[in-house]
Amino acid sequence: MKKRARRDTSHQWVGRRRILLGALGAAGLLVLGRSFQLQALEGEKWARYAAEQQQTRAPLPARRGAIYDRDGVPLALTAESFSIAVAPRELRDPRATAARLTRALGLPPSLARRATDRRRRWVVLPGRFSAVQRERLAGIRGIHFERKLDRVYPQSELAREVLGLVSRDGRPLGGIEQEMDSVLRGRAGWSVLRRDARGQALPAGSLPVVPPIDGADVYLSIDLDLQEIAEVALGHAIDSTGASGGDLLLADPRTGELLAAVSRRPGGARGLAAFSETYEPGSTLKPFFVATLLARGKVSLQETVHAEDGEWRAPGGRLIRDVSPHGALSVADALRVSSNIGLVKLSPRLEPREQFGALRDLGFGAPTGVEYPAEAAGRLARPQRWSSLTPGSLAMGYEVSVTPLQMLMAYGALANGGTLFEPSLVREVRDVDGTIRGQTRPRPVRRAIPTAVAEQLREVLISVVEEGTAMRASLTTFEVAGKTGTSRRTGAGGRYVPGSYTSSFVGFFPARQPQLALFVKLDDPRGAYT
């Protein structure tokens, strides 16, 4: 009985052994089959996968294009520097290389010896190094370089509202840097970087594959000397009047080129508010109302209008006041002394569509197209939305909001004989090799004012500076034409803020052969206003 039991147990063990061997054999066949599949059938796929695990793409940054003023003075540049690393095990002569590092880079001998110690695999030297220092070490096996690019502004804060800036991670923030980014940034390249099993870069493992294409250079219309004068002058005006902020623009009325542009706001806010913020122009809009009347034959400059001694209730009950009382005035004198009453009395002579069309022809209510981000269009309602008070309000420079840039361009049309130009900040774009990629020619938009009317108004605006409300704008060297304006400021919800005003002057000189158009505005200056 025991013998049978042992025999049965023996048979069971043999059976289990056969099953185990069979299972192991089957598993072996599966492993062999999988191995065959991996090696023979999928070898190429897995070899490619292994290579991908060992290699990564490393970006090669492009040099950002420079920005210059109209005369080639640098405003924004990209500074090139290099990070240097040593792979000691690649060095042919560590001692000689250490001495070379000390001479070429000014490293302490102790640091140079540590950097070339063959017990180390990879040593990154502290700091950044110049292209000249890099060149001193070029061609030495075991020394590796990584290009670093930093944006710098050699004129410090000068023209920074125009330029904008570039963040540490390379993002353009405002200004020309943002507007012209597609031209300036170039196209990054890439290289293949070999890594070991732990993911660390292997020495001599970087091979350039696609070189970067550096960005193009941008030349602005800005004149750096005029820009500096404008910034100093606006700063002085703000300080001396206690204003909360202001804007100053200079342009060539013959071409529309902007020569200087500066805005100052409380808290040092960046950006050209002269392009992106609007205000009600007040009396500086009055010359265009008179121009519209003259162009349509609805009035002459010699015609008399009565200013009612400074206070008049218009049809409908609206009370109109002048700063100074006047009686009978010619239309030219009504403009010279900036009589609200005299001009509002003339507003019924224009159809709403005529008044609206003339202002649109001068560029109000639409972006100018200047090369700058976030330009405001202003606000000019269509006649269908006007009230009975709107024509009179527009005659005084209210119920319309404009940007300082729009106002400057409109006065540029008065200065040049009637042609509205599109403003320009960018003069040309040049590739790295100096080839001119694009140039900005003067861009006339339309004839906004008849030449004869522009010439008539020029004489009136000269008298405004010599005898009228803008006498403080006169120059001893040049004859100046221009107009002052004061308007109430609005706050949240578009409501007027009690006691808050904007004071402005727009003009051009020399008056009879204009070369410069000027806009200056102060927000909430202390003291009297006119």
**Report entry** Members of segment 312-329 that are small (G, A, S) and either more than 17 Å from G282 (Cα to Cα) or buried (at least 20 other Cβ atoms within 10 Å of the Cβ) (or both)
**Finding:** A314, G316, G317, G327, A328
Query - Only listed residue being out of contact with any helix residue (DSSP H, G or I) (no Cβ under 8 Å at 6 or more places or on another chain) and part of a helix (DSSP H, G or I), chosen from G369, G317, G357 - result: G357
Query raised in the report: Going through segment 253-285 one residue at a time, which ones are without any contact (Cβ under 8 Å) to a residue 60 or more places away in the chain and surrounded by 24 or more Cβ atoms within 10 Å (Cβ to Cβ)?
Result: A260
**Report entry** Every residue from segment 228-248 that is among the small types (G, A, S) and in contact with a Leu (Cβ under 9 Å, 6 or more places away or on another chain)
**Finding:** A230, A233, A237, A243, S244, G245, G246
Query raised in the report: How do the helices (runs of 4 or more DSSP H) wholly within segment 379-471 filter down when requiring 1 or more residues that are among the acidic types (D, E): which remain?
Result: 451-467
Query raised in the report: From the list S324, S283, S330, S300, which residue is in contact with a Leu (Cβ under 7 Å, 6 or more places away or on another chain) and polar (S, T, N, Q)?
Result: S330
Query raised in the report: In this structure, is A492 within 27 Å of the chain's Cα centre (by Cα) and over 20 Å from L258 (Cβ atoms)?
Result: yes
**Report entry** Number of positions in segment 225-248 that are surrounded by 15 or more Cβ atoms within 10 Å (Cβ to Cβ), charged (D, E, K, R) and part of a helix (DSSP H, G or I)
**Finding:** 2
Report summary line: Of A260, A274, the only residue that is outside any strand (DSSP E or B), in contact with a strand residue (DSSP E or B) (Cβ under 6 Å, 6 or more places away or on another chain) and either aromatic (F, W, Y) or within 19 Å of E161 (Cα to Cα) (or both) is A274
Query raised in the report: Which ones in segment 74-90 are within 19 Å of P126 (Cβ to Cβ) and of a type in the set (A, V, I, L, M, F, W, C)?
Result: A79, F82, I84, A85, V86, A87
Query raised in the report: Hey, does segment 306-329 have a residue that's over 30 Å from T403 (Cβ atoms) and in contact (Cβ under 8 Å) with a residue 60 or more places away in the chain?
Result: yes
Query - Condition met for A334 (in the same structural domain as L457 (by TED's automatic domain parsing), modelled with pLDDT of 95 or more and hydrophobic (A, V, I, L, M, F, W, C)) - result: no
Report task. Scan segment 401-419 for residues that are surrounded by fewer than 24 Cβ atoms within 10 Å (Cβ to Cβ) and either within 20 Å of the chain's Cα centre (by Cα) or of a type outside the set (S, T, N, Q) (or both) and jot them down. Result -> G417, G418
**Report entry** Qualifying residues in segment 330-377 (those that are without any contact (Cβ under 8 Å) to a residue 12 or more places away in the chain and of a type in the set (D, E, K, R)) - the one surrounded by the most Cβ atoms within 10 Å (Cβ to Cβ)
**Finding:** D333
Requested in this report: Being crowded, with 17+ Cβ neighbours inside 10 Å and more than 45 Å from the chain's Cα centre (by Cα) is the filter here, so list the residues in segment 115-132 that pass it.
Outcome: T116
Query raised in the report: Do the conditions hold for R430, that is, is it at pLDDT below 95 and closer than 23 Å to L224 by Cβ?
Result: no
Requested in this report: Could you look through segment 133-164, keep only residues that are farther than 22 Å from E371 by Cα and charged (D, E, K, R), and pick out the one that is nearest to the chain's Cα centre (by Cα)?
Outcome: D150
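The values are calculated or read from the model by the stated rules, or taken from the named source; none is laboratory data. It should be emphasised that the depicted structure is a prediction, and the values quoted were computed from it without experimental measurement. All Cβ positions, even for glycine, are placed from backbone atoms using ideal geometry, and neighbour counts span all protein chains on display.
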